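Here the structure is laid out as structure tokens; the discussion comes afterwards.
We did not get these values from a lab; they are worked out from the coordinates using the rules stated. What you see is a predicted model; the values in this text were computed from it and never measured. Note: ideal-geometry Cβ built from the backbone for every residue, glycine included; neighbour counts use all protein chains shown.
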Amino acid sequence: MANESLGTLNEILQKDEGALLQNWVDNQVNASTFRPDRTSRQELTDHSRRFLTLLRDAVKASDLDIMSPAWNGVRQMLDDLSVSRAQQGFSPSETATFIFSLKQPLFDRLQARLSDDSEVLSRLWPTNMLLDRLGLYVTEIFQRRREQVIIRQQQELMELSTPVVTLWEGVLALPLIGTLDSARTQVVMENLLQRIVDSGAAIAIIDITGVPTVDTVTAQHLLKTVDAARLMGADCIISGIRPQIAQTIVHLGVNLGTVVTKATLADAFGIALKRLELTVQKAPKSARRRVDDGGDARSVHERGED
């Protein structure tokens, strides 16, 4: 029965391809999922014509397994279409309509040819199942591509949300915002260690002012980052310890060990300057006037300097 149905389908694809293509494109253009802002009728026509040609070649093999070698061309074409539409911002249903909109014009022709057959419904079933499999295949490829895009965007956002800035020569700051999980900890650690190597910094300030909550897992992630920085020769100071976070750390029994903690980034920066034997002094009026005129007056000096 399946071979007979495929034989009828093959005959239609060979002898009635032009009219079938026209009806199929009309269905796609008239569908509620049609996006004229992202695709044109001519583009739909080109894609549809190519698909019908590949479908006809695959059906000749009388094989309903769309994962078999006979369907390589069809799968590759649908892969390219799904990836392209995912990048263009189409939804899964809009992409799957490319296949499902072929059912009506194709079944109309199948029914006309099988009108005298008492088992017309069973003869139509193999073709219906074939188009359903192709529609599901398109959806799966589309979703897989979207997931890849989402994962890549998450990785890019993690890298952008963990900037390492230079506060002073030898002093780095890593302001953290949002939840600190295992994946993000890895990005944080890599970025910080690379900047320590590049700059030769001796002190790194990890500011958690933007971290909403600190639990045992978050604290362990922070300690791993601190330990990794120490192995690279840089001491770490954790700033942004708000009263609520301090209470949480105490209740959890988390031991931050010998890590220096401060309430604000300014306090941590002050500690960093002391460790580097630097002091902050108010610039004299003459120096402030030079700054107002566009000059450069530094107010941080090494201890012992006149």
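What is the order of 83, 214, fewest Cβ neighbours within 10 Å to most?
83, 214
Specify the longest stretch of the chain that does not include any exposed loop site, a site being one of the trypsin sites (Lys or Arg not before Pro) with a non-H, G, I, E, B DSSP assignment and at most 11 other Cβ atoms within 10 Å.
1-281
Just tell me the longest site-free run in the chain, where the sites are GluC sites (Glu not before Pro) in a DSSP loop having at most 16 other beta-carbon atoms within 10 Å.
Within the chain, the longest run free of exposed GluC sites (Glu not before Pro) spans 1-118.
Between the helical axis of 182-199 and the dominant principal axis of the chain, each derived from Cα atoms, what acute angle in degrees is found, rounded to the nearest 10?
Result, in degrees: 50.
Restricting to Cα pairs below 8 Å that are 6+ residues apart, what does the relative contact order work out to for the chain? Please round to a whole percent.
So the answer I get is 12 percent.
Taking the 0 to 90 degree range and rounding to the nearest ten, how far is the long axis of helix 243-252 tilted relative to the main principal axis of the chain, both from C-alpha atoms?
In the chain, helix 243-252 runs at an angle near 80 degrees to the longest axis.
If I fit a long axis through the Cα atoms of helix 72-88 and take the longest principal axis of the Cα atoms of the chain, what angle between them do I get, 0 to 90°, rounded to 10?
Helix 72-88 and the main axis of the chain meet at about 50 degrees.
Taking 35 Å as R0, compute the FRET efficiency from the Cβ-Cβ separation of residue 285 and residue 169 and round it to 0.05.
0.85
Would you list the P(r) distribution for the chain, with all Cα-Cα distances sorted into 20 Å bins from 0 and each bin expressed as a whole %?
25, 28, 22, 20, 5, 0
Per residue Cα convex hull volume for segment 2-155, in cubic angstrom?
In segment 2-155, the Cα convex hull volume per residue is 104 Å³.
Rounded, prolate or oblate: which fits segment 161-201, taking a ≥ b ≥ c as square roots of the Cα gyration tensor eigenvalues, rounded meaning a/c under 1.5, else prolate when a/b beats b/c?
Here segment 161-201 falls in the oblate category.
Where is the GNM fluctuation largest for the chain (alpha-carbon springs, 10 angstrom cutoff): 68, 101, 93?
68
Of the candidates 138, 188, 280, which one comes out as most mobile in a Gaussian network treatment of the chain with C-alpha springs shorter than 10 Å?
Among 138, 188, 280, the largest GNM mean-square fluctuation belongs to 280.
Roughly speaking, what is the stretch gain from residue 274 to residue 60, that is 0.36 nm per residue apart minus the C-alpha to C-alpha distance, in nm to one decimal?
So the chain would gain 68.9 nm between residue 274 and residue 60.
Tell me what the chain gives for mean residue ellipticity at 222 nm when only DSSP H runs of n ≥ 4 count, each as -39,500 (n - 2.57), the sum divided by the residue total, rounded to 500 deg cm²/dmol.
-20500 deg cm²/dmol
Counting only DSSP beta bridges with both residues in the chain, what percent are antiparallel, rounded to the nearest 5?
Close to 30 percent.
Which semi-axis lengths, in whole Å and largest first, follow from the square roots of five times the eigenvalues of the Cα gyration tensor of segment 165-275?
Working from the Cα gyration tensor, I get semi-axes of 21, 16, 12 Å.
Do you know the Lys pair count in the chain for C-alpha distances under 30 Å, with sequence separation 8 or more or different chains?
Pairs that pass both the separation and distance tests number 9.
Let me check I've understood the local charge: for residue 93, count other residues with C-beta under 12 angstrom from its C-beta, Lys and Arg +1, Asp and Glu -1. What total comes out?
Result for the local shell: +1.
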